[in-house]
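Taking it in order: structure first as structure tokens, then the write-up.
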Amino acid sequence: MITTRLDNVAARACRNDRACIYIMKPLGEQDSRRLFFNRVFGSENVCSVQFKEIPVEILKKCGGLPLAIITIASLLACHEAGSSNEWESINNSLGAKFATKPTLEEMRGILNLSYTHLPIHLRPCFLYLGMYPEDRLIIRDDLVRQWIAEGFVCNLHGADLEDVAKSYFVELINRGLIQPEKTCYGDVITCRIHDMMLDLILSKSTEDNFISVAYKHEDMARFNSCEYKVRRLSLQSSVGGAMSKALATSMSLVRSYTQFGESKYMLPLPQFKYLRVLAFEFPFNWKTTIDLRATGHLFLLRYLKVSALSAEVALHAEIQGLVHLETLELHCRPIQRFPSDITCLANLFHLILPECTLLPEGIQNMKSVRTYPGMTIECFDALLSSIGMLRNLKHLSLECWHKYDGYDS
């Protein structure tokens, strides 16, 4: 099944057999009201008297489009406790031109209205979602840790940064800006971005020089030659080639770098000295070697993740120079020789390594570690005493192999 907003795409997809095209109709008045009031008040039968007339006008302007209704309703839900003047202001912001059936451009205007009403502290968090490809399932924990690594999250009154970041995530969901997917014990742990919302994000990111996305080699060539500095770079699809050893001035201040797909593009990592976030995500069956030996010199690096189950990862023999590293997550083939000085990383919160990775001695020194799953240990009793000294540990999973009478268990 193919979905599209373009009539000519639909016609070509079914070889001009119009009988195969199903044109979705906008929601009727009753369904529109139900969707709107359920989102704002939790029930279509509950509405304050002071807000009674305004929703009627707003629903007319939304034209029965679910995304428009949910976006505006989510925005109004944040002002439910406010005065009717606030609602009236949002209604007036839509203007008279939105009457009956919004065009694609007017729909973008509705989404933009939600963005302009975002609190300042949420705007960079929202725009950062542009680092992910379209239709990508986004893991909440990855996202909030990247926000923290970038410095988007404020430490209010000594609150834990991850708790604050998760509250940002929940607020973006409540505002209808991201779509919840999987939940666990009532918490949303994955999400997606609607393609029109992603268009808005990328448009705003271009205006503000917030994120640069490369889909092909020509995009990288353009970034290398542009006058402005690239702050955050996301490689999506199959960008080929290699960057010149002399890094372009425009690329020298990259703070976040993510790479998706089967791209063989190689970056001169030692020259990305301001890098804070580094993430690779490749297909599970893509066999390659990801050379991360140069990361040992990235002093400011705070987040490093590799998702490539069939790939090998090469690390520098010493990584104690990564003094600010908070997350090290590697989903790859087992690493035979893991740097023993990892125990010197005092700020490391989340350590996730491939199965069968042997732990070095001295893990009791890693006082900040919170996540420590998927480990294989040679001596269970010795490790227990070490784990007992990790007072901040929240998530632990161990695989233990012992021999009993010649058998492994």
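State which entries of 25/166; 166/394; 273/305; 216/305 exceed 27 angstrom in Cα-Cα distance in the structure shown. Walk me through the intermediate numbers first.
Values: 25/166 36 Å; 166/394 16 Å; 273/305 18 Å; 216/305 23 Å.
Violating the 27 Å Cα-Cα cut-off are 25/166.
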If you take the Cα atoms of the stretch 103-209, find Rg, then find the Kirkwood Rh from the mean of 1/r over all pairs, what is Rg/Rh?
0.96
C-alpha center-to-center spacing [the stretch 312-357, the stretch 135-189] in angstrom:
24
Give the share of C-alpha pairs in each 10 angstrom bin for the stretch 176-226, from 0 to the last occupied bin, in whole percents, shortest bins first.
21, 35, 26, 15, 3
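Of 337, 175, which has the most accessible area with a 1.4 Å probe, and how do the rest follow in descending order?
Details: 337 220, 175 25 Å².
I get 337, 175, largest accessible area first.
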Determine which aspartates and glutamates satisfy two conditions relative to residue 182: a Cα distance under 15 Å, and not lying fewer than 8 residues away in the same chain.
135, 141, 142
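With a probe of 1.4 Å, find how much accessible area the stretch 139-216 has per residue, and write the answer as a whole number in Å².
On the way: 3570 Å² over 78 residues.
Heavy-atom SASA per residue in the stretch 139-216 reads 46 Å².
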Expressed in square angstrom to the nearest 10, the accessible area of residue 106 with a 1.4 Å probe stands at 30
Rank these residues by their accessible area, most exposed first, probe 1.4 Å: 288, 71.
288, 71
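Can you check what the net charge comes to around residue 390, using other residues whose Cβ is under 11 Å from the Cβ of residue 390 (Lys, Arg +1; Asp, Glu -1)? Don't skip to the answer; put the middle values down first.
Details: positive: 367, 370, 391, 394; negative: none.
Charge balance near residue 390 sits at +4.
The values are calculated or read from the model by the stated rules, or taken from the named source; none is laboratory data. No experiment lies behind these values; they were computed from the predicted model shown. Backbone-built Cβ (ideal geometry, glycine too); neighbour counts: all protein chains shown. Areas reflect the complete protein model, heavy atoms only, side chains present, ligands, DNA and RNA absent. Shrake-Rupley method; radii C 1.70, N 1.55, O 1.52, S 1.80 Å.
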